Amino acid sequence: MGTNRASMAGLALGLALVCGDALSRAQGQDACESFAWDVHQERAVFASTAQTLPAGKSVAAAPTLEPNHLYELALVPQDQVSFAATPGKRMLADGAFAGIAQLHIAQAGTYRVSLNGTFWIDLASGDHLIASSEFTGQPHCEAPRKIVQFTLPAGDVTLQLSGATTAQVRVAVTAAAATTIVPAPTH
C-alpha cells in the first residue's frame with residue numbers, strides 16, 4: 001500500500017507539473033499572436049520606430065502617410081475636426097479625439113489599416129466612405145490592436161480616425177497578403 005501511495009503521489013506531482021507548465025505557457029503566450037489572420041507584416045511594421053506627426057483637423061491640413069511605415073499621430077479634440085465624409089459610426093461626444101491623414105495608393109488593391117487602440121477607422125474617397133471588407137483585433141495587444149481591411153482604388157484617399165479616448169495613436173497602412181481571411185460582420 002505504501003508503494004501505491006508513493007506512486008499516486010508521484011503521478012499527482014507529475015500531472016501538476018505538466019498542467020502548471022501548460023498553464024504558464026498559455027499565460028505567457030503573446031496576445032499579439034492570436035489574430036484571425038496572419039499579421040506578421042503588420043507586427044513587423046509596428047516593431048519599427050514611429051514617425052511622430054500631428055493629425056489634420058481638415059483634409060487640407062492632413063499629413064500624407066506612406067504604406068509600410070509606422071506613424072504616431074497626435075490627435076485633436078473631435079469637435080475641432082472637419083471630416084471629408086461623415087464617420088460611419090456614431091462617435092463619442094465629449095472628450096473624444098480624432099484626426100485626418102491622407103494616403104496615396106499607387107496601385108489599387110487590398111490594404112490594411114492597423115492601430116494600437118480601439119479608434120473608429122474610416123477611409124474616404126472624396127466625400128464618400130469606402131466600405132471595409134474585414135477586420136480583426138486583439139484586446140490585449142497594442143502592436144497592433146486593431147486591423148481593418150479595405151479594397152482601395154489607386155489614387156488619394158482620406159484616413160479618418162474618430163471616437164478616440166486618447167490623444168495619440170500609432171497607425172500603419174500595409175498591402176494585405178494574399179491569404180484566406182475569416183469574414184467578420186463589422187468593425
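Remark: spin-label model distance K89-E142 equals 1.9 nm, labels positioned 7 Å along the Cα→Cβ axis. Which cross-chain or sequence-distant (5 or more) residues have an amide H under 5 Å from the amide H of Q51, H modelled 1.01 Å from N in plane? Placed amide hydrogens put L70, Y71, E72 under 5 Å from Q51. Sorted ascending by nearby beta carbons within 10 Å, beginning with the fewest, T165, T118 become T165, T118.
Listed values for the range 81-88 are Karplus-derived 3J(HN,Hα) couplings in whole Hz (6.51 cos²θ - 1.76 cosθ + 1.60, θ = phi - 60°), namely 9, 9, 6, 5, 9, 4, x, x, and x replaces Gly and Pro.
Rank these for me by crowding, K146, K57, K89, going from fewest to most other beta carbons within 10 Å. Let's see the in-between values first.
Values: K146 22, K57 18, K89 13.
Ranked by crowding around the Cβ, least crowded first: K89, K57, K146.
Model label sites at T165 and D38, defined 7 Å from Cα along the beta-carbon direction, differ in position by 3.4 nm. Once backbone amide H atoms are built at 1.01 Å from N, A176 has T110, Y111, R112 as its partners under 5 Å, excluding neighbours fewer than 5 places away on the same chain. Once the chain from A131 to S58 is taken as fully extended at 0.36 nm per residue, the excess over their C-alpha distance is 24.2 nm. Per-residue 3J(HN,Hα) values for the range 61-67, derived from phi via the Karplus relation 6.51 cos²θ - 1.76 cosθ + 1.60 with θ = phi - 60°, read 9, 7, x, 9, 9, 9, x Hz in sequence order (x marks Gly and Pro).
Counting Lys and Arg as +1 and Asp and Glu as -1 over every other residue whose Cβ lies under 11 Å from the Cβ of D79, the net charge comes to 0.
What FRET efficiency comes out for Q51 versus A177 if R0 is 30 angstrom and r is the Cβ-Cβ distance? Round to the nearest 0.05.
Numbers: r = 23 Å, r/R0 = 0.78.
After rounding, the FRET efficiency stands at 0.80.
With θ taken as phi - 60° and the Karplus curve 6.51 cos²θ - 1.76 cosθ + 1.60 applied, the whole-hertz 3J(HN,Hα) list for the range 133-144 is 9, 7, 7, 8, x, 9, x, 9, 10, 10, 9, x Hz, x standing for glycine and proline.
No value in this document is a laboratory result; all are computed from the given coordinates. All values derive from a computational prediction rather than experimental measurement. Quick reminder, even Gly has a Cβ in these numbers, built from the backbone with ideal geometry, and neighbours come from all protein chains shown.
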